Amino acid sequence: MSRKTMMAPEKILAFFLQNQPQISLRPLGLGKINDTWLVTLNSKERLVLQRLPAAVFPDPQCVMHNIRLITNCLHAWSQQAEVHVPFLSLYTNPDGEDLFIDPDKNGWRLLTYIEGSRTVEELESTQQAYQIGRMLGRFHTILADVDQDRLQEPLPGFHDTLSYLEKYDRISRRSAVNTLEEITCIQFIGQMRDIAATFAERTDTLTRLVIHGDPKASNFLFAENDDIVISIIDLDTVQAGLLLHDLGDCLRSCCNRQGEEHDNPKGTVFSADYFAAILKGYGSVAASLLGDADLQLLSDAAGLISFELGIRFFTDHLCGNRYFKTSRKNQNLDRALIQFHLADSIIRQQPLLQTIAADIFRTSPMR
């Protein structure tokens, strides 16, 4: 279903809320996949309505199965913890249902809204970076004992860099390339393609636990008037996976001080200071989760995920922008360039980043 003919969110709310009137409904956030609205009820309670596009999540039941399992674990931990963490909850209608599937197979769900929170697209300080690292470490630690076999795979092939590269190769062979920016992307891929196998060659030696799947900067909630991270959201990609996929994605997103949407891709620089702060925060609660092989590849992980996302953005650009939402021409092309320049910045700083990671985890009290 195209976005112009998308089922009206007001009709979906009738399924969840039935006789409860809402007084407002407005778009929320800048997500590249889901459509999201903030719902305010007459009671002043606020909720979050989300549409999971079938083109991205063909099995919304799978996504919801994982979210139910993980949110139950997170809330059980929070009730016993010394510090309360307001994790999100699924909203069920009076019949006990928490998922609506429209005629075009798109999934819809209603979530609690975490009050007193804010998101940031670009980090402003090492304190924010430290807090994000700490929350990601806490998330991994809470879920470290979850039976991974209980989780389903919401996106088969997710973080399979080699398969993304193979898809790009197929698409590029039949795509016309007309601009300098497109040629630049092709050159970056040619120069970096050898790093695509970095994890595939070492999978048996790397730590595999429950991961978030998309721990970018905007998926961490900060306190409204403070630089303390109070929660982590967007659990659609929670699954069993490599801890380095999560750490790499978090570092990729948070250490890009210009953000993922800016008008100077060549100026994209990976911040070694933010890299150190995130690892210090993570190590303060979760250093013991990482094995020696993980520690050796921390900086490589950030470069690999930047390269992987660049391939995905560029391939989507070549395909006509079918996966990631866009609001202007060549937006996915620009996103790809930013990720490729970021990966290049990481590769150029490898000796420094490896030294930083080694120093942090050598002195970590949890190792």
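Identify all residues within the stretch 179-231 that are more than 19 Å from LEU289 (Cα to Cα), in contact with a strand residue (DSSP E or B) (Cβ under 9 Å, 6 or more places away or on another chain), in contact (Cβ under 8 Å) with a residue 60 or more places away in the chain and not in a helix (DSSP H, G or I); write none if there are none.
Correct list: PHE220, LEU221, PHE222, ALA223, GLU224, ILE228, VAL229, ILE230, SER231.
Which numbered condition trips up VAL177, out of (1) closer than 27 Å to PRO215 by Cα; (2) open to solvent by 20 Å² or more (accessible area, probe 1.4 Å)?
(1)
I'd like the full set of residues that are more than 17 Å from the chain's Cα centre (by Cα), among the charged types (D, E, K, R) and surrounded by 15 or more Cβ atoms within 10 Å (Cβ to Cβ), limited to the stretch 186-216.
Let us first name the residues in the stretch 186-216 that are more than 17 Å from the chain's Cα centre (by Cα), namely 186-208.
So of that shortlist, the ones also among the charged types (D, E, K, R) come out as 193-194, 201-202, 204, 208.
Scanning the stretch 186-216 gives ARG193, ARG202.
ILE171 - would you say it is among the hydrophobic types (A, V, I, L, M, F, W, C), under 17 Å from ARG335 (Cβ atoms) and in contact with a Leu (Cβ under 6 Å, 6 or more places away or on another chain)?
Here the answer is yes, as ILE171 does meet what is asked.
Any idea which of ALA293, ALA358, ALA301 is among the aliphatic types (A, V, I, L, M) and in contact with a Phe, Trp or Tyr (Cβ under 9 Å, 6 or more places away or on another chain)?
One residue alone meets the criteria, ALA301.
Quick one: which helices (runs of 4 or more DSSP H) sit completely within the stretch 265-340 and have at least 3 residues that are touching a residue at least 24 places away in the same chain (Cβ under 8 Å), closer than 24 Å to ALA176 by Cβ and among the hydrophobic types (A, V, I, L, M, F, W, C)?
Details: elements: 272-286, 292-296, 298-319.
Result: 298-319.
Report, ordered by the first and then the second residue, all pairs with beta carbons closer than 7 Å, sequence separation of six or more or different chains, a first member in the stretch 101-127 that is closer than 23 Å to CYS250 by Cβ, and a second member that is β-branched (Val, Ile, Thr).
Listed pairs, sorted by first residue: LEU111/VAL48; SER117/ILE230.
Is it true that PRO156 is closer than 24 Å to THR315 by Cα, within 19 Å of the chain's Cα centre (by Cα) and open to solvent by 80 Å² or more (accessible area, probe 1.4 Å)?
Working: closer than 24 Å to THR315 by Cα: yes; within 19 Å of the chain's Cα centre (by Cα): yes; open to solvent by 80 Å² or more (accessible area, probe 1.4 Å): yes.
Here the answer is yes, as PRO156 does meet what is asked.
As an exercise: evaluate ILE347 against (1) in contact with a Ser or Thr (Cβ under 6 Å, 6 or more places away or on another chain); (2) open to solvent by 10 Å² or more (accessible area, probe 1.4 Å); (3) closer than 16 Å to ARG193 by Cβ and give the number of the one condition it does not meet.
Unmet condition: (1).
Answer yes if at least one residue in the stretch 248-268 is surrounded by 22 or more Cβ atoms within 10 Å (Cβ to Cβ), among the aliphatic types (A, V, I, L, M) and farther than 30 Å from CYS185 by Cα, and no otherwise.
Checked the stretch 248-268: no residue is surrounded by 22 or more Cβ atoms within 10 Å (Cβ to Cβ), among the aliphatic types (A, V, I, L, M) and farther than 30 Å from CYS185 by Cα.
Could you tell me whether ARG367 is open to solvent by 20 Å² or more (accessible area, probe 1.4 Å), modelled with pLDDT of 95 or more and not hydroxyl-bearing (Ser, Thr, Tyr)?
Working: open to solvent by 20 Å² or more (accessible area, probe 1.4 Å): yes; modelled with pLDDT of 95 or more: no; not hydroxyl-bearing (Ser, Thr, Tyr): yes.
So ARG367 does not fit the description; no.
The values are calculated or read from the model by the stated rules, or taken from the named source; none is laboratory data. Just so it is clear, the structure is predicted and the values come from calculations on it, not from any experiment. Neighbour counts run over all protein chains shown; Cβ positions are idealised from the backbone, glycine included. Accessible surface areas use protein heavy atoms only, side chains included; no ligands, DNA or RNA. Shrake-Rupley method; radii C 1.70, N 1.55, O 1.52, S 1.80 Å.
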